[in-house]
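Asks: Here it is, the structure in full.
The values are calculated or read from the model by the stated rules, or taken from the named source; none is laboratory data. Please read all numbers here as calculations on a predicted model, not as lab measurements. Neighbour counts are summed over all protein chains in view; Cβ atoms, including those assigned to glycine, are modelled from backbone coordinates with ideal geometry.
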Amino acid sequence: MKIDLHLHCKERSGCSIATEIEQIEAAIGYGLDGIVITDHDKLVPKEHLKELNDKYAPFKVFGGVEVTTVPNGDHVLVIGVTDDALETEEWTYERLYKFVKTHNGFIALCHPYRYGNTVNIDIATFVPDAIEIHSTNIGVDDTPRIETLAKRLGCKLIANSDSHHTKDTGIYHNIIPGYPDHLDELTRILLEANIEIGRDEKRVTYFNKKVRERELVIKKMIEEGKTAEDYTRITGEWDGNFNRVLLGKTYEI
């Protein structure tokens, strides 16, 4: 199965411009077999997931969540746990890890080093099942460090789109054995099986071309003394693009 384990829909993630239907139909068009909707701190209702699966079968739509941990805001993917507490409570990473493991779930660190050169949560003691090494929010500057980190911890690597736009859906994805029908089956595979990383070479090339064009503009703005707020006001784009360049990093993937 080709599956994107990390993407967002505007119904529950205000930062996304793509609806569930748009994301699903884009994923089908790009040749994926399934997706996991992982909105920010919000779960997809089980009844609604059933409706989506009935409508788009044999394509599979699973639900997960991207949890924003306290106190530093590190993001963690959780798959295989559907308890409402995930969206109603605040979570430190340690507490979240123990909760997910108690419920036999899958936990993965999202886009490490995105905003700096350190990981602010104790993944050495509470080792995640996987670390995300590729997505539209992980630049090539950080992939060697992520690979080294995963080897040191002995955990798997996964790759996803972290899509907020249908043009990015499935640009990176995972290839897993079998075609799970249910969330618990998907979770078991993620925990136990080898995961192969897939990428859409043509779309990655185009994505990187647009990033280079954007970052030339940002570098010129920095030379002119403009700020991230200026960048967003002038371009209407996310200030994270600007701040990434300020760190001396790129968003080429």
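Asks: List the number of the failed condition for Thr88; all other conditions in (1) farther than 27 Å from Lys249 by Cβ; (2) in contact (Cβ under 8 Å) with a residue 40 or more places away in the chain; (3) not hydrophobic (A, V, I, L, M, F, W, C) hold.
Replies: (2)
Asks: What pairs come up if the first residue lies in the stretch 203-227 and is more than 13 Å from Gly139 (Cβ to Cβ), the second is not in a helix (DSSP H, G or I), and their beta carbons are under 8 Å apart, counting only those six or more places apart or on different chains?
Replies: Arg203/Lys167; Arg203/Asp168; Arg203/Ile171
Asks: I need every pair where a residue in the stretch 34-57 that is touching a residue at least 24 places away in the same chain (Cβ under 8 Å) has its Cβ under 7 Å from the Cβ of a residue that is crowded, with 17+ Cβ neighbours inside 10 Å and part of a helix (DSSP H, G or I), sequence separation at least 6 or different chains.
Replies: These pairs meet every condition: Ile35/Gln23; Ile35/Ile24; Ile35/Ala27; Ile37/Glu20; Leu43/Leu86; Leu52/Glu20; Leu52/Ile24; Tyr56/Ile24.
Asks: Would you check if Leu49 is at negative phi, part of a helix (DSSP H, G or I) and in the same structural domain as Glu90 (by TED's automatic domain parsing)?
Replies: Here the answer is yes, as Leu49 does meet what is asked.
Asks: Please give the number of the condition Asn104 fails out of (1) of a type outside the set (Val, Ile, Thr); (2) crowded, with 17+ Cβ neighbours inside 10 Å; (3) touching a residue at least 60 places away in the same chain (Cβ under 8 Å).
Replies: (2)
Asks: Could you check the stretch 52-82 and list, in sequence order, the residues that are surrounded by fewer than 18 Cβ atoms within 10 Å (Cβ to Cβ) and assigned to a strand (DSSP E or B)?
Replies: Thr68
Asks: Restricting to the stretch 127-168, and then to whatever is in contact with a Cys (Cβ under 9 Å, 6 or more places away or on another chain) and either surrounded by fewer than 18 Cβ atoms within 10 Å (Cβ to Cβ) or among the polar types (S, T, N, Q) (or both), can you tell me which residue is farthest from Leu191 (Cα to Cα)?
Replies: Once the filter is applied, the top-ranked residue is Asn137.
Asks: Just for the stretch 91-124: of the residues that are of a type in the set (Gly, Ala, Ser) and either outside any loop (DSSP other than H, G, I, E, B) or within 20 Å of Tyr251 (Cα to Cα) (or both), which one is modelled with the lowest pLDDT?
Replies: Among those residues, the one meeting the criterion is Gly116.
Asks: Output the number of the condition that Thr118 fails; it satisfies all remaining conditions of (1) β-branched (Val, Ile, Thr); (2) under 23 Å from Gln23 (Cα atoms); (3) not assigned by TED's automatic domain parsing to the domain that holds Thr232.
Replies: Evaluating Thr118 over (1) β-branched (Val, Ile, Thr); (2) under 23 Å from Gln23 (Cα atoms); (3) not assigned by TED's automatic domain parsing to the domain that holds Thr232 leaves (2) as the failure.
Asks: Can you find even one residue in the stretch 179-192 that is closer than 29 Å to Thr102 by Cβ, acidic (Asp, Glu) and without any contact (Cβ under 8 Å) to a residue 12 or more places away in the chain?
Replies: Keep residues of the stretch 179-192 that are closer than 29 Å to Thr102 by Cβ, which gives 179-192.
Then keep just the ones that are acidic (Asp, Glu); that gives 181, 184-185, 192.
From what is left, the residues that are without any contact (Cβ under 8 Å) to a residue 12 or more places away in the chain are 185, 192.
Looking for residues that are closer than 29 Å to Thr102 by Cβ, acidic (Asp, Glu) and without any contact (Cβ under 8 Å) to a residue 12 or more places away in the chain, one finds at least one in the stretch 179-192, hence yes.
Asks: Restricting attention to the stretch 107-126, and to residues there that are surrounded by 16 or more Cβ atoms within 10 Å (Cβ to Cβ) and hydrophobic (A, V, I, L, M, F, W, C), which single residue is nearest to the chain's Cα centre (by Cα)?
Replies: Among residues in the stretch 107-126 that are surrounded by 16 or more Cβ atoms within 10 Å (Cβ to Cβ) and hydrophobic (A, V, I, L, M, F, W, C), the one nearest to the chain's Cα centre (by Cα) is Cys110.
For every residue, the table says whether it meets (1) assigned by TED's automatic domain parsing to the domain that holds Ile138; (2) within 29 Å of Ile28 (Cα to Cα); (3) acidic (Asp, Glu).
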site: Ile176; (1), (2), (3): yes, yes, no
site: Pro180; (1), (2), (3): yes, yes, no
site: Asp184; (1), (2), (3): yes, yes, yes
site: Leu190; (1), (2), (3): yes, yes, no
site: Glu215; (1), (2), (3): no, no, yes
site: Met221; (1), (2), (3): no, no, no
site: Lys226; (1), (2), (3): no, no, no
site: Asp230; (1), (2), (3): no, no, yes
site: Thr235; (1), (2), (3): no, no, no
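Asks: Which fully enclosed helices (runs of 4 or more DSSP H) of the stretch 168-253 have 1 or more residues being farther than 26 Å from Ala150 by Cα? Show your work before the answer.
Replies: On the way: elements: 183-192, 201-223, 228-235, 239-246.
Fully inside the stretch 168-253 and qualifying: 201-223, 228-235, 239-246.
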